[in-house]
Amino acid sequence: MFKKIDRRIIAHFDYILIALIVPLVLVSGMLIGEIVPALAKKHTVYVLVGIMVFIFFFLFPIRRFSWLIPIIYWLNIGLLIAVEFVGLSRLGAKRWLELPFINFTLQPSELIKTAFILMLAYLINKNPPPHDGYRLKDFLKLSFFILLPFLLIAKEPDLGTAMVLMLLGFGVLFVIGVYWKIWATIAVGLLLTAPLLYGQLHEYQKKRIHDFLSEKPSYHVQQSIIAIGSGGFSGNSVEGSTQTQMKFLPIASSDFIFAYVIERFGFVGGFLLVTIYASIILHMFSTSWFSTDYYIKVVSLSIAFLFFIYMSVNIAMTIGLAPVVGVPLPMFSYGGSSFVNFMIILAVLQNLVAFRFTFYYNSDRRLIDPLEK
């Protein structure tokens, strides 16, 4: 399955993306160690697992086994359905499955992200959009594959993850191309049904919206804003970062790690971090824009939307501009499942980019772009 790799593949590896990701991983490891030293070793293990997973998926011949993508998608849908019947409940949410005999739990809503992105790429590659965009029939077919996991995950309830998938899916379709009258109809429909949709929310979800809209922010956001304000322009030493070190800032190693970045490195540190994220997003959009391969187009777009959604929601949450939801800062917040999932998605993109001239590898033929013929 894994053939000898031609050295010409190295020329097509996306080194810019890796150069932008590495500082995120290194700095987050340092900060997590400062916040909770006991988590530093676990974070290192997650990084090592992520690297091994990255290598595996980078070497796996994805294009040759593309027929597996629908099977993997439907297996993940099956796991989401199983959560409804045999899932474990924690804090009022049923999101986990317990694997028998090994005392291990998994969260299908995290696992499905890569399968979801690949399924979109598979469908769009099989049926590319016409010049003026997808019409209603094709749009409804693609929407089915987007809304099915959304509904199953929202029912757990895990509205944050469900919304991320839905925004990702329809964001990709918006860029790839859908007839404009379809978007106009959807926009009008959402405006008219907004009160009804709000009524379907769970009480804790409504409370988060109420806390966000109230004049006084919640305790978590108050402490986050204090931490951000104390960072000033250039930040504080570890000992001087009292909001975090004295445990006033909640969940500082994951959900509110951006507040600690500002407390520790000030405006300069926060600006550099946002600049790295913006560079990743723009690089992914440019990769999609200049590619004629719909697999690369969709996967790079998906990564751009994932980074944008996670980053913008997390930062807005920490400064009181969005309701508090469990959305991590991508590749930065502490958390094994989120980190490994991002590594898988990045490996898939690197595989699609580096092996896009598979026909010419392991041969003596000169590497030529087929489009130049």
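Each value in this text was obtained by applying a stated rule to the coordinates, not by laboratory testing. All figures in this text were calculated on a predicted structure; none of them were measured in a lab. No Cβ is skipped: glycine too gets one built from the backbone with ideal geometry, and neighbour counts run over all protein chains shown.
Which value, in debye to the nearest 20, gives the size of the charge dipole of segment 69-194 about its Cα centre, when Lys and Arg are +1 and Asp and Glu are -1 at the Cβ?
My answer is approximately 220 debye.
What are the residues whose amide H is under 5 Å from the amide H of residue 236, where those residues sit 5 or more places off or on another chain and H is modelled from the backbone?
264, 265, 266
What list do you get for 132, 293 if you sort them by fewest beta carbons within 10 Å?
Numbers: 132 10, 293 16.
The order, fewest Cβ neighbours first, is 132, 293.
Grab the DSSP H runs of the chain that are 4 residues or longer, score each as -39,500 (n - 2.57), total them, divide by all residues and round the 222 nm result to the nearest 500 deg cm²/dmol. Kindly include the intermediate steps, with their values, before the conclusion.
Working: 13 runs with 244 residues, N = 373.
That comes out to -22500 deg cm²/dmol.
For segment 69-194, build the charge dipole from Cβ charges (+1 Lys, Arg; -1 Asp, Glu) around the Cα centre, then report which of 121, 106, 186 sits farthest towards its positive end.
186
Using only Cα atoms and rounding to the nearest 10 degrees, what angle (0 to 90) does helix 68-86 make with the longest principal axis of the chain?
Roughly 40 degrees, rounded to the nearest 10.
Given H placed 1.01 Å from N in the peptide plane, which residues other than close sequence neighbours of residue 178 have an amide H under 5 Å from its amide H?
134
Could you give each residue of segment 221-235 its phi-based ³J(HN,Hα) in whole Hz, using Karplus coefficients 6.51, -1.76, 1.60 with θ = phi - 60°, and x for Gly or Pro?
For segment 221-235, the Karplus curve yields 5, 4, 5, 5, 5, 4, 4, 5, x, 6, x, x, 7, 10, x Hz.
Quick check: the angle from helix 159-176's long axis to the longest principal axis of the chain, C-alpha only, nearest 10 degrees?
Roughly 40 degrees, rounded to the nearest 10.
For segment 69-194, what does the alpha-carbon gyration tensor say about shape, rounded, prolate or oblate, given a ≥ b ≥ c as the root eigenvalues, a/c under 1.5 as rounded, and a/b over b/c as prolate? Show your work: numbers first, answer last.
Working: a/c = 3.27, a/b = 1.74, b/c = 1.88.
Taking the square roots of the gyration eigenvalues as a ≥ b ≥ c, segment 69-194 is oblate.
Can you sort 283, 131 so the residue with the fewest Cβ neighbours within 10 Å comes first? Write down the numbers at each step before the final one.
On the way: 283 18, 131 5.
Arranged by neighbour count, lowest to highest, 283, 131 become 131, 283.
Neighbouring Cβ atoms within 10 Å as the yardstick, rank 220, 12 fewest first. Intermediate values should be presented prior to the final figure.
Details: 220 19, 12 13.
Fewest-to-most Cβ neighbours within 10 Å comes out as 12, 220.
Who wins for biggest fluctuation among 309, 146, 182 in a Gaussian network model of the chain, springs between alpha carbons below 10 Å?
182
Could you derive backbone 3J(HN,Hα) for segment 304-309 from the dihedral phi with the Karplus parameters 6.51, -1.76 and 1.60 (θ = phi - 60°), listing whole Hz in sequence and x where the residue is Gly or Pro?
Karplus-based 3J(HN,Hα) across segment 304-309 equals 4, 5, 4, 4, 5, 5 Hz.
Dipole magnitude of the chain about its Cα centre, charges +1 at Lys/Arg Cβ and -1 at Asp/Glu Cβ only, in debye to the nearest 20?
Details: 29 positive and 20 negative charges, 181 e Å.
Using only the charged Cβ atoms, the result is roughly 880 debye.
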